[in-house]
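Let me begin by presenting the structure, written as structure tokens, before commenting on it.
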Amino acid sequence: MSAWQPSYPIGERATSYPALIMQTLSSRFRYGAVSQVFHWLTAILVVVVFYMGSGGPEERVYSSANDFSLQIHETLGISVLAIVLLRILWRLKDRIPEDPPMPPWMMYSSKLVHLVLYGLLVATPVTAIVGAWLEGHPLTLLAFGNLGPMLSKAHDVGVSIARIHTILGDAILWVAGLHAAAALFHHFILRDGVLVSMLPGRQ
Ligand code: HEM
Ligand code: HEM
């Protein structure tokens with residue numbers, strides 16, 4: 001067994017009190033429960049937000065026929081932003097599991113992809129909010145009603161920023177798809193513990 005591998009079967013559940021405490025925080029081998037909830041909640045929300053995305057001309061995006069989809073898209077999109085900001089704060093406190101042995105290029109490219117994903121998870125909702133407000137539209141949030149606009153109108157700039165938002169929204173799905181494929185490659189081809197580190201189980 002290599003020095004990296006845990007000394008218990010991966011997937012076994014924690015039964016002792018200290019082990020359960022450990023599960024809240026990340027360990028040497030596995031992300032803790034809080035990081036995992038942030039991760040999988042974000043992944044699910046991003047996919048739902050993407051599929052509820054409303055493209056096309058401004059008149060169609062803000063038409064009453066599109067009102068409900070837009071409200072879902074904006075509300076869940078803002079939730080992604082809130083969760084990611086909390087997740088970044090949590091990450092500054094929690095440890096990060098160690099990487100299994102792998103070539104440096106693989107390790108650095110995975111860190112780069114994570115950084116790009118964090119960047120996109122912040123920039124995508126922020127460009128949407130700024131774009132909508134500059135265009136003169138409030139955010140329409142389910143259960144909260146309208147918010148803003150809190151910026152003075154500069155319509156053409158808003159349209160350009162909204163366009164950037166749609167490009168970033170597409171990019172998240174591409175990068176996350178690559179990232180998910182890499183996680184599956186680690187699991188099924190390299191047979192290391194990278195994917196398992198983001199799945200529930202004993203530390
Ligand atoms: C991670 C979060 C988000 C993702 C992945 C995302 C993704 C997308 C995508 C892919 C489109 C283009 C849809 C198409 O062309 O068919 C889009 C459009 C749009 N999104 Fe988001 N979005 C997110 C968050 C938000 C938020 C927080 C708002 C709130 C303002 C928002 C408002 C809009 C609007 C208004 C459009 C239409 C843009 C236009 O063409 O004027 N989105 N979004
Ligand atoms: C929209 C979808 C997704 C987003 C935005 C996303 C984002 C992220 C981010 C930012 C990290 C870095 C965590 C950190 O160290 O702070 C991460 C880690 C991870 N993700 Fe995802 N992820 C997504 C989907 C998936 C899927 C579908 C899988 C599995 C097939 C997956 C597997 C993993 C694994 C195994 C790690 C830990 C990798 C490591 O420590 O090297 N992710 N994800």
Give me the angle, in degrees from 0 to 90, between the Cα long axis of helix 155-185 and the longest principal axis of the Cα atoms of the chain, rounded to the nearest 10.
20 degrees
If contacts are Cα pairs under 8 angstrom and at least 6 residues apart, what is the relative contact order of the range 21-198 in percent?
23 percent
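As a check on your grasp of the helix formula, calculate [θ] at 222 nm for the chain: sum -39500 (n - 2.57) over DSSP H runs of n ≥ 4, divide by the residue count, round to the nearest 500.
Estimated from H runs of four or more residues: -20500 deg cm²/dmol.
Net charge within 14 Å of residue 163 by Cβ-Cβ distance, Lys/Arg positive one each and Asp/Glu negative one each, not counting residue 163 itself?
So the surrounding residues net to -4.
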All alpha-carbon distances of the chain, grouped into 10 Å bins from 0, give the whole-percent distribution 8, 30, 28, 18, 12, 3, 0
Net charge, residue 141 excluded, C-beta distance under 14 Å - Lys, Arg +1, Asp, Glu -1:
-2
Neighbour-count ranking for 91, 28 (other C-beta within 10 angstrom, fewest to most) reads 28, 91
What angle, in degrees between 0 and 90 and rounded to the nearest 10, separates the Cα long axis of helix 104-135 from the longest principal axis of the Cα atoms of the chain?
20 degrees
For the chain, take the longest principal axis of its alpha carbons; what is the angle in degrees between that and the long axis of helix 67-93, to the nearest 10 within 0 to 90?
40 degrees
Only Cα pairs under 8 Å and at least 6 apart count here; give the relative contact order of the range 52-140 as a rounded whole percent.
32 percent
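What percent do you get for the relative contact order of the range 132-197 when only Cα pairs under 8 Å and 6+ apart count?
22 percent
Just so you know, all these numbers are worked out from the coordinates, no wet-lab data involved. Since this is a predicted model, take the numbers as computed values, not measurements. Quick reminder, even Gly has a Cβ in these numbers, built from the backbone with ideal geometry, and neighbours come from all protein chains shown.
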